[in-house]
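What follows is calculated from the coordinates using simple rules that are stated; it is not laboratory data. All figures in this text were calculated on a predicted structure; none of them were measured in a lab. Don't worry about glycine lacking a Cβ; one is built from the backbone with ideal geometry, like all the others, and counts go over all protein chains shown.
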Amino acid sequence: MKNTPLSLLSIALLLVLAACGGNSGNGGNAADSGKESAVSSAAAEEEVVIKATNFSFDKKEYHLKKGVPVQIVFKNESGNHGILVPELNLQLDENNNSQVIIPEQTGTFRMTCAVFCGAGHSQMSADIIVE
């Protein structure tokens with residue numbers, strides 16, 4: 001009987017973790033016209049590969065050109081990760097690992113891990129710089 005609170009806490013934690021890894025349902029499409037980038041079915045002129053390992057991305061900065069269609073490819077090399085850049089309407093994970101975007105505004109945008117991945121999750125970030 002003493003294990004009941006611990007069992008309930010474990011089940012609740014599993015449910016929270018499962019919910020955090022869920023898909024938002026929009027697949028990263030730019031249905032909202034207020035977003036700073038457009039999703040395009042046009043052929044990309046450039047490709048950027050973003051690789052994730054436990055608690056870090058392979059680069060601190062990724063550079064894009066304003067108005068140039070770019071294919072963003074996400075590769076999860078170790079652990080369970082994703083990427084999220086709300087200002088660019090970009091969200092990728094191992095199930096949805098590629099997207100063409102057209103950055104419409106210059107600036108520096110913070111990319112964070114979109115899937116809770118453990119103790120170093122909150123420090124897992126990089127910058128996407130649109131020039």
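At-a-glance table
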item: Neighbourhood charge, 15 Å Cβ-Cβ cut-off, centred on Asn97 and excluding it, Lys, Arg +1 and Asp, Glu -1; result: -3
item: Peptide ranges 110-117, 60-67 listed from the most packed, as the mean C-beta count within 10 angstrom indicates; result: 110-117, 60-67
item: Extended-chain gain in nm, criterion 0.36 nm per residue less alpha-carbon gap, Gln71 and Asn95; result: 7.0 nm
item: Fewest-first sequence of Asp93, Asp58, Asp127 by Cβ atoms within 10 Å of each Cβ; result: Asp58, Asp127, Asp93
item: Sequence-distant aspartates and glutamates (8 or more away, or on other chains) whose Cα lies within less than 16 Å of Lys66; result: Glu36, Glu45, Glu46, Glu47, Glu87, Glu104, Asp127, Glu131
item: Length added when fully stretched, Asn80-Glu131, from 0.36 nm per residue minus Cα-Cα; result: 15.3 nm
item: Separation in nanometres of the label points that stand 7 Å from Cα toward Cβ, at Glu46 and Phe116; result: 3.5
item: Protection proxy ranking of 100-107, 80-87 - average other beta-carbon atoms within 10 Å, highest first; result: 80-87, 100-107
item: Local electrostatic count, Asn54, Cβ distance below 15 Å [Lys/Arg +1, Asp/Glu -1]; result: -1
